[in-house]
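Everything on this sheet refers to the single structure shown next.
The values are calculated or read from the model by the stated rules, or taken from the named source; none is laboratory data. The structure displayed is predicted, hence computed values, not measured ones. Don't worry about glycine lacking a Cβ; one is built from the backbone with ideal geometry, like all the others, and counts go over all protein chains shown. In case anyone asks, the SASA skips ligands and DNA or RNA and just uses the protein heavy atoms, side chains included. Shrake-Rupley method; radii C 1.70, N 1.55, O 1.52, S 1.80 Å.
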Amino acid sequence: MINNPLSELQKNVCYTELVYQRVNKKLKTQLTQSEIEVLVDRLLADVTSSVEKRGKNYYVTNQHTQIQLVINSFNSRLITVNAL
């Protein structure tokens, strides 16, 4: 079991080419790859973010930004984001 899942996810999160497109589509934005990575890093570093493991995924929710990250718990790959 991970002691601090947010810091572990922040260190290990990885991306695919497809997820960058998916993030922009879901958030209705046109962010660059580096801007998306900075956004994800900020959400994972934010102490107000909550993390919940359901099945094989981590759901990181930040009420302030109204964004939820979905990250695979086995390989730390960002799957998608959801606007809340």
Anything in the stretch 32-48 that is within 16 Å of residue 80 (Cα to Cα) and not in a helix (DSSP H, G or I)? List them, or say none.
32
For the stretch 67-84, what are the residues that are free of Cβ contacts under 8 Å to residues at least 24 places away in the same chain and open to solvent by less than 70 Å² (accessible area, probe 1.4 Å)?
68, 70, 72, 73
What tally of residues in the stretch 14-31 results from selecting those that are part of a helix (DSSP H, G or I), hydrophobic (A, V, I, L, M, F, W, C) and in contact (Cβ under 8 Å) with a residue 40 or more places away in the chain?
3
Can you find a residue in the stretch 29-39 that is open to solvent by less than 40 Å² (accessible area, probe 1.4 Å) and in contact with a strand residue (DSSP E or B) (Cβ under 8 Å, 6 or more places away or on another chain)?
no
Verdict on residue 60 being surrounded by 14 or more Cβ atoms within 10 Å (Cβ to Cβ), of a type outside the set (D, E, K, R) and outside any loop (DSSP other than H, G, I, E, B):
yes
